[in-house]
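Chemist: Submitted below is the structure of interest, expressed as C-alpha cells.
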Amino acid sequence: MTTRGWITLAVMALLGVLPPLFFLTGNPFYLDLATRLVILAIAAVSLNLILGYGGLVSFGHAAFVGLGAYAVGIPAHHWLYTGWGDWATMGYVQLPLAVLACAVFALLTGLVCLRTKGVYFIMITMAFAQMIYYLIVSIEEYGGDDGLVIDTRSQFAWIDLDNPLQLFGLAYVSLIVSMVLVRLIVNSRFGMVLQGAKGNPDRMATLGFNVYVFRLVAYVISGAMAGYAGALLGNFTTFISPEMMDWSRSGELMFMVILGGASTTVGPVLGAVVFIVLEEVLSHFTIYWHLPFGLLLMAVVLFVRGGLAGMFGRKED
Amino acid sequence: MDFSLLVIQGLNGLQLGLLLFLVASGLTLVFGILDFVNLAHGSLYMLGAFFCATLTYLFGNFILALIVAVPITGVIGFLVERFVARPLYARDHLDHVLGTFGLILVIDTLTHLIWGPEGLSVPLPDWLRGQITLWGDTVVPTFRLMIIGAGLAAAAGLFWMVNRTRLGMLIRAGASNRTMVSALGIDIELLFGLVFALGAAMAGLAGMLIAPITEATIGMGNGIIITAFVVIIVGGIGSIKGAFIAALLIGLIDTLGRSFLDDIFALFMSPVAAENSAPAISAMLIYIIMALVLAFRPQGLFPPKVR
Amino acid sequence: MSAVLQIDGLNKSFGGIKATDNLNLSVQKGELHAVIGPNGAGKTTMISQLCGSQRPDTGRILYAGRDITTLPPHKRAHLGITRSYQITSLIMEMSVIDNVALALQARDGHSFRFLRPARSLSHLRDKAMDLLGKVDLTAKAEHRTKALSHGEHRRMEIAIALASDAELMLLDEPMAGLGSHESMQMVELLRGIKGQHTILLIEHDMEAVFALADRISVLVYGHIIATGTPDEIRGNEAVQHAYLGEE
C-alpha cells in the first residue's frame, strides 16, 4: 500500500475511534465537534468530485447543503404546525427528499452553468447559490432570515438520531460510503471521461465524448451527495438558517478540498479535519480568529501546492 | 398601481443600478485587463464606507470626507494589487478566488478590530437631509437624488476616461491585447496597479454613497459583490458599456420587482396566491434574468471582442 | 474510388482576414492526401472546420455523402472522423495508457458506467497496449504523460488517432518539432498505417510529404491552388512560383 493509502486508513481510523472515546470518557463536546466535522467532510468529498476530478470550480456548494437541511426542516415544520402526517418526519422520506431536491436543483442550474466556462462558471454557481439563499430568506413561513428550529429529528426504526453516538455513527458510515462511492466513480469509465475533460475538453470532444453531458451528470451526483450531507447537518444542529448557504460557507468547503488536497481520496477529509480543528482552536483564543485564518488561507494558496495530501506521496494514491 | 410610487421606485432602482455599476465597473475592468477574479472587491466597497464615516466625524463635513476617502480607498486597491493580486496572476482562477476569499476574512476582521462590531452611521449635512417635492405630494429625499447625480457623474467620468484619455486608451488596449501594451514600452505593472486602484476607488465611492442610508457595516460588501457578479455576467465580462446597461437593468428589475410583482401577479391569480408567491419570485428575479440571458448568450449581452 | 470527404466552397474570416477562401477539396477513400502550404495559409483553420471546433461562414462539408457542416465535434467523431493536434494536445495529468484507453473507450460507447474500475477492463487495456506497441511506447505505458518527450507525445497522438479506428484521420503536422531521426521514425509509422485509413495529412516537412502522399493539395491564402500526384505537384509552375520557390 502507498504512503497515502496508509494515511487514509490512519485518518479514518482515528476519526472513527477517538470521538466516541471522548464521549464515553465524559467529553461529549468533542463528539459534537467530530460529528460536524464528519458531516462537512461528506460535503467536501462531494465537492471534490466536480472540483478536484472534474475541474469545475463550483462556488455554490453550500446551497446544496442548505437545501438538504431544509428538506428535513420543512416537512418537520409542517408536521408540527400544519398537521402533516407522521410520514413527514420519517428519515426514509426526508433523506431521499433532500437528495432528490438537490439533484433537481443541480440539474436545473447545471444546465445553465455548464454552458459557460472559467470565471463565468465560478460566478454563476455563486449567483445561483445566492438565489436559493434569498429565496429562503423571502419565505416567512419557514422563518426567513431567522431560520427554522427542527423540533424532531429524522425518525428511523433502527437508529435514534437523538442519541449523539448513533448520529455520529450514521455520519461516519455515510462519510466512508461517500468516499468509496466517489473513488469508484472517478476510477470508472465515466470518471476517466470526467478527468479527461478536466485536462483537455477539446480533445475529449474530438474523441467523441459529449463533455457537457458528462459534466452535468457529475454535477448532479455531487449536488445530491451534498444534499445528503445537508440533511445530516440539519439533524445535527436542529436549527437551520439561510446563513448555511452563504457564499462564505461555499468558500470554506472549497478551502477544505484545496487545503487537504484536491483529487485525492483523503484530501477533503484531511482538509475538513484541519479546518474544523483550527477554527475551534483559534476561536478559543480570540474573537478575531478570522484574521489568522484568512492569512493562513492566503499562505496556503500562495505557497502550498497540491494540499496536505500532496505533501505525502505522489498523485497515484 | 399608483404613478408617483412608480416614479419613486424607479428612482430607487436607478440609484441601486448606479451603485451596482460603480462596484461592477471595477470588477469588470480588473477581470477584462488582468484576467483576475477579485472576490475581495466588496471589501473595498465596505472600506470606502468606513473611511468616509471616520473622516466625516473628523472633518465634520460629509462632502469633504467623501473627497478625501475616495483616493484613500484607491491607495488600498493599489496595495492589494501589489501584494495579493500580483503573485496570483500566473495562477488559475481557483487560486484567485481562494486567495481573495482569504483577503476578505482578513479585511473584515481588521475592520472589526479597528472600528468595532457595531455599524457606523454617517451623518449628513442639513442641506442633504431634506426632501424635494417633485409634484403634489410626491417627494424624494434630497440625498437620494445626490446619489443618483454622483453616480451618473462618476459613470460619465469613467466613460470619458476610458474613451478619451491616454490612460483609457492603454486600458482598452490592455483589455484586448496585453502583449501589445507591454510591447509599447508601457510600465504594465504600474498600469495594472492603476486599474486596480481605479476600480477600488469606484467601489469605495459606492460604499460612501450608501453609508449614510444603511450605515457602514462589516460584511456590507459581501452582499453586493454577488449582485455585481450578476451584473457583469449579464453585461459580458470585461465590457464597461455592458456593465452600465446591465447594472441599470438589474437595479430597476430588482427594485420594481420587489414593489410591484404582487400587483402584477394579482392580475392573473388570486390576491392571496400573489401575495404569497411574489416575495419568493422577486427575490429570485435577477437570477432568473441572468439564467435567461446566459441561455441565449453564454458570453453576456456585450461580449468583449477577441481576447 | 469515391470521395470520403468533399469540401465545397468553404469560407471563414476572422475580422477582416480570410483564413479560408472558397476552399474546394476532395479526399478519396483510402488515400493519403497531403495538404501543404506556406505559414499562415490557413491549414489549421481548415482542420478545425473539418473536425467541427470551428464553424465555416459559408460552404459545405460532406462526409461519406452526408452534410456535416454544422455537426458538433463529438458527433463527427461518432461518424468516424478523428484528428491529431499540431500543438500536442494530450491529457497531461493522466498516464500514457489512460490517454489511449480513453480513445478506445470513446469508440466502445459504454462511458456512462459508474462503478466498475475502468483500468480493470482488459479489452480496453490490451488494445491500448497493442497500439502503444505500434508506436513503440510500450515501456512508457504507465508513465505520466507530462513526463514524456516531445517526440513521444507526437507518437502518442498517432496512437490515439489509431485508437479511435476512424475512417478519416486528420493529422495536423505530426512531424512538428521533431528531430531528423524522430521524423524518419514518424514517416515509417505513417507508412505502416497508410492504406488502412483515409488520411488527410497537413505537414511542413516536404521530404515526408513527398515520400508518403498519394496526392498533394497546395493551400495558399486559404485557397487550394493545385491538386495532384507528388510528381504533378513538383512539376506545377504555379506551385513552384507560389510556394516551393520560397523554400
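Chemist: Considering only the protein assembly as shown, what is the antiparallel percent among its DSSP beta bridges, to the nearest 5?
Modeler: 60
Chemist: How large is log10 I(q)/I(0) at q = 0.08, 0.10, 0.14 Å⁻¹ when the Debye formula is applied to the Cα atoms of region B:3-296, each weighted equally and without solvent?
Modeler: For region B:3-296, the Cα-only Debye profile gives -0.36, -0.57, -1.07.
Chemist: Convex hull over the alpha-carbon atoms of region B:1-127: what's its volume per residue in Å³?
Modeler: Cα-based convex hull of region B:1-127, divided per residue, equals 153 Å³.
Chemist: Only helices at least 15 Å long along their axis, Cα-based, and averaging 0.5 or more on Kyte-Doolittle count here, so list those DSSP H runs from chain C.
Modeler: TM-like helix candidates: C:96-108.
Chemist: I've got another one for you. Find the Cα radius of gyration of chain C, compare it with 2.2 N^0.38 Å by division, and give the number to two decimals.
Modeler: Compactness ratio reported: 1.02.
Chemist: Hey, how much of the P(r) for region B:230-280 falls beyond 16 Å, as a percent of Cα pairs?
Modeler: Within region B:230-280, distances greater than 16 Å cover 51 percent of Cα pairs.
Chemist: Quick one: work out the % antiparallel among DSSP beta bridges in chain C, nearest 5. Provide the component values of the computation, followed by the final result.
Modeler: On the way: 21 of 39 bridges.
For chain C, the DSSP antiparallel bridge percentage is about 55.
Chemist: Pairs to check: B:K241/C:K43; C:K12/C:K75; C:K43/C:K194; C:K18/C:K194. Give those whose C-alpha atoms are more than 29 Å from each other in this structure.
Modeler: Among B:K241/C:K43; C:K12/C:K75; C:K43/C:K194; C:K18/C:K194, the Cα-Cα distance tops 29 Å for B:K241/C:K43; C:K18/C:K194.
Chemist: For a distance above 38 Å, tell me the whole-number percent of Cα pairs in region A:3-311 that qualify.
Modeler: For region A:3-311, the fraction of Cα-Cα distances above 38 Å is 11 percent.
Chemist: What do the square roots of 5 times the Cα gyration tensor eigenvalues come to for region A:2-107, in whole Å, largest first, as semi-axes of the equivalent ellipsoid? Let's see the in-between values first.
Modeler: On the way: eigenvalues 178, 110, 21 Å².
Computed over region A:2-107, the values are 30, 23, 10 Å.
Chemist: Residues of region B:270-304 with amide nitrogen under 19 Å from the 7 Å Cα-to-Cβ point of B:D263?
Modeler: It comes to B:270-283, B:285, nothing else.
Chemist: Give me the compactness ratio for the protein assembly as shown, meaning the Cα radius of gyration over 2.2 N^0.38 Å. Show your work: numbers first, answer last.
Modeler: Details: Rg = 30.3 Å, N = 871, 2.2 N^0.38 = 28.8 Å.
After normalising by residue count via 2.2 N^0.38 Å, the value is 1.05.
Chemist: Please name which of A:N200, A:G227, A:S250 has its Cα lying farthest along the dipole of region A:3-311 towards the positive end, using unit charges on Cβ (Lys, Arg +1; Asp, Glu -1) and the Cα centre as origin.
Modeler: So the residue we want is A:N200.
Chemist: Using packing as a proxy for protection, rank A:171-182, A:66-77 so that the peptide with the highest average count of other Cβ atoms within 10 Å comes first.
Modeler: A:66-77, A:171-182
Chemist: Same structure, new question: Going out from 0 in 10 Å bins, what whole percent of all Cα-Cα distances in region C:97-166 drops into each bin?
Modeler: So the P(r) values, bin by bin, are 21, 54, 22, 2.
Chemist: How many nm separate the modelled label positions at B:E118 and C:M184, each set 7 Å beyond the Cα in the direction of the Cβ?
Modeler: It is 8.7 nm.
Chemist: Compute, for chain B, the length of the dipole vector about the Cα centre, with Cβ point charges of +1 (Lys, Arg) and -1 (Asp, Glu) only. Units Debye, rounded to 20. Walk me through the numbers before you get to the answer.
Modeler: Details: 14 positive and 16 negative charges, 223 e Å.
Result for chain B is approximately 1080 debye, rounded to the nearest 20.
Chemist: Using 7 Å Cα-to-Cβ label points, what is the C:K29/A:L107 separation (nm, one decimal)?
Modeler: 4.3
Chemist: If the cut-off is a Cα-Cα distance under 16 Å, which lysines reach C:K140, setting aside same-chain residues fewer than 8 apart in sequence?
Modeler: C:K127
Chemist: When Cβ neighbours within 10 Å are restricted to other protein chains, what is their mean count per residue of peptide A:83-89?
Modeler: Whole-number average of other-chain Cβ neighbours for A:83-89 is 0.
Chemist: On to the next question. Collect residues whose amide H, placed 1.01 Å from N in the peptide plane, falls under 5 Å from the amide H of C:A141; neighbours closer than 5 in sequence don't count.
Modeler: Long-range HN contacts for C:A141: none found.
Chemist: Please report the orientation-averaged projected area of region A:206-249, defined via the convex hull of its C-alpha atoms, in nm².
Modeler: 4.2
Chemist: Taking beta carbons within 10 Å but only from partner chains, what does the mean come to for residues A:289-299?
Modeler: What the average comes to for A:289-299 is 6.
Chemist: How large is log10 I(q)/I(0) at q = 0.28, 0.29 Å⁻¹ when the Debye formula is applied to the Cα atoms of region A:218-281, each weighted equally and without solvent?
Modeler: -1.31, -1.29
Chemist: In region B:1-81, what chymotrypsin sites (Phe, Trp or Tyr not before Pro) fall in a loop by DSSP, with at most 14 other Cβ atoms inside 10 Å? Let's see the in-between values first.
Modeler: Numbers: sites: B:F3, B:F21, B:F31, B:F36, B:Y45, B:F50, B:F51, B:Y57, B:F59, B:F62, B:F78; in loops: B:F36.
The qualifying sites: there are none.
Chemist: If each DSSP helix of 4+ residues adds -39,500 (n - 2.57) and the sum is divided by the residues in the protein assembly as shown, what number results at 222 nm, nearest 500 deg cm²/dmol?
Modeler: Values: 34 runs with 550 residues, N = 871.
Helix-only estimate at 222 nm: -21000 deg cm²/dmol.
Chemist: Sticking with this structure for a sec: Mind checking which helices in chain B clear 30 Å along their axis (Cα) and have mean Kyte-Doolittle hydropathy of -1.0 or more, DSSP H runs only?
Modeler: Taking the DSSP H segments of chain B (at least 30 Å long, mean hydropathy at least -1.0), we get B:3-34, B:93-115, B:142-164, B:188-214, B:240-266, B:271-296.
Each reported figure results from applying straightforward, stated rules to the coordinates on display, with no laboratory input. This structure is a prediction, so every number in the text was calculated from the model and none was measured. Positions of Cβ are generated from backbone atoms using ideal geometry, with glycine treated the same way; all protein chains shown enter the neighbour counts.
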